[in-house]
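What follows is a short report on a single structure.
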Amino acid sequence: MLQLGWGCEKSGEKALGSKELVRINNVSISLEEFRQMSERQPLEGKMRLLDAKGLKDFLDNYVITREVLYQEAKQKGLDQNKELLAKVDDFKRAMMIDALLEEVLKGKAEVSEEEIKRYYKENESFFTEPLEVNIRHIVVNSEPVLKEVLTRLARGESFEKLAFNYNVDKSREDGGNLGYLRRGQLAPSFAQFEEAAFSLRKKGDLSEVIRTPYGYHILRLEEMRGTTVRPLHQVKEKIRFFLQAKNKQEAYLQYMKEAKSRAKIIFNEKLWAEEEKKEVKPREERK
């Protein structure tokens, strides 16, 4: 642990100010700044700051350590590293975009009881039980790989072989086969995945790209069986979760349409046409 010389400045050094908690070289951190850093910690981190020891550990091992390492990095010129600066800029953009969307989409995901009842009535076939679908999927975790898979699917390549080559889960061993799925079997965060699976009607039908915490999915229907309707009270919250995501997505698309209409966008069609001519190389060719 760092040994802090509280009030024990070396001869010739400027004494700490009344609100100055610690000084690392020429960088001063006030008590208020320390409190703000503490407040920004996640809940789990805050739980460790409930006593004097936890606060001192946080000061020693996070605040001071981080500042010392940051200064070391600057001395090595890393604050001028172009690749690192690009990553910082990307992170800054992402944070600003997230903050913007949180602001403009606030309240747009609200779902009324009437909307839930209407969706249930109009999509009764979605809630048949024990309706089961046998699904095969391709799942990847990045957009460039997704683009490559979609290109190869469009060429008519085998769904099973692509699942075997690209899937990031254990289903790759069986060509992406997930077996039979039943309504309500998946977690709420997979509501759109489930809706996509049960919206497929004929063997061989493919879904649109679905995004879940595991990545990007393309589903294919292998078989369907079963027939009984689940009551509204059993599926109400799942419908609400799905409609909230749907409403938010629609609000996002509408906002993007309006934002683009306000922007002046000049597109180089000639340059893009040349880019489109380039074929995406299969993964095997790039190895």
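The values are calculated or read from the model by the stated rules, or taken from the named source; none is laboratory data. Just so it is clear, the structure is predicted and the values come from calculations on it, not from any experiment. Every residue, glycine among them, receives a Cβ derived from its backbone with ideal geometry; neighbour counts consider all protein chains shown.
From L105, L100, which residue is in contact (Cβ under 8 Å) with a residue 24 or more places away in the chain and under 18 Å from the mean Cα position of the chain (by Cα)?
That would be L105, the only listed residue that is in contact (Cβ under 8 Å) with a residue 24 or more places away in the chain and under 18 Å from the mean Cα position of the chain (by Cα).
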Quick one: in segment 207-247, which of the residues that are more than 30 Å from K108 (Cα to Cα) and not β-branched (V, I, T) is surrounded by the most Cβ atoms within 10 Å (Cβ to Cβ)? R220
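Given the structure, is Y216 out of contact with any His (no Cβ under 6 Å at 6 or more places or on another chain), among the hydroxyl-bearing types (S, T, Y), within 22 Å of L150 (Cβ to Cβ) and not in a helix (DSSP H, G or I)?
So Y216 fits the description; yes.
On the basis of being at pLDDT 95 or above and surrounded by 12 or more Cβ atoms within 10 Å (Cβ to Cβ), does V63 make the cut?
So V63 does not fit the description; no.
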Suppose we filter V149, V168 for residues that are aliphatic (A, V, I, L, M), in a loop (DSSP other than H, G, I, E, B), touching a residue at least 40 places away in the same chain (Cβ under 8 Å) and not assigned by TED's automatic domain parsing to the domain that holds K238; which single one remains? V168
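Among the residues of segment 33-47, write down those that are among the hydrophobic types (A, V, I, L, M, F, W, C) and out of contact with any strand residue (DSSP E or B) (no Cβ under 8 Å at 6 or more places or on another chain).
Of all residues in segment 33-47, those among the hydrophobic types (A, V, I, L, M, F, W, C) come to 34, 37, 43, 47.
Once the filter is applied, which keeps residues that are among the hydrophobic types (A, V, I, L, M, F, W, C) and out of contact with any strand residue (DSSP E or B) (no Cβ under 8 Å at 6 or more places or on another chain), segment 33-47 yields M37, L43, M47.
Return the residue satisfying two criteria in turn: it lies in segment 181-217 and is of a type in the set (A, V, I, L, M, F, W, C) and either touching an Asp or Glu at 6+ places or on another chain (Cβ under 8 Å) or assigned by TED's automatic domain parsing to the domain that holds E114 (or both), and of such residues it is modelled with the lowest pLDDT.
Filtering segment 181-217 down to residues of a type in the set (A, V, I, L, M, F, W, C) leaves 181, 186-187, 190-191, 193, 196-198, 200, 206, 209-210.
Within this subset, residues satisfying the condition of being either touching an Asp or Glu at 6+ places or on another chain (Cβ under 8 Å) or assigned by TED's automatic domain parsing to the domain that holds E114 (or both) are 181, 186, 196.
Values: L181: 91, L186: 88, A196: 93.
It comes out as L186.
Does segment 42-53 contain at least one residue that is assigned to a helix (DSSP H, G or I) and under 21 Å from E72 (Cα atoms)?
No.
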Of the candidates E110, E115, E103, the one satisfying the condition of being assigned by TED's automatic domain parsing to the domain that holds K246, not β-branched (V, I, T) and not in a helix (DSSP H, G or I) is E110
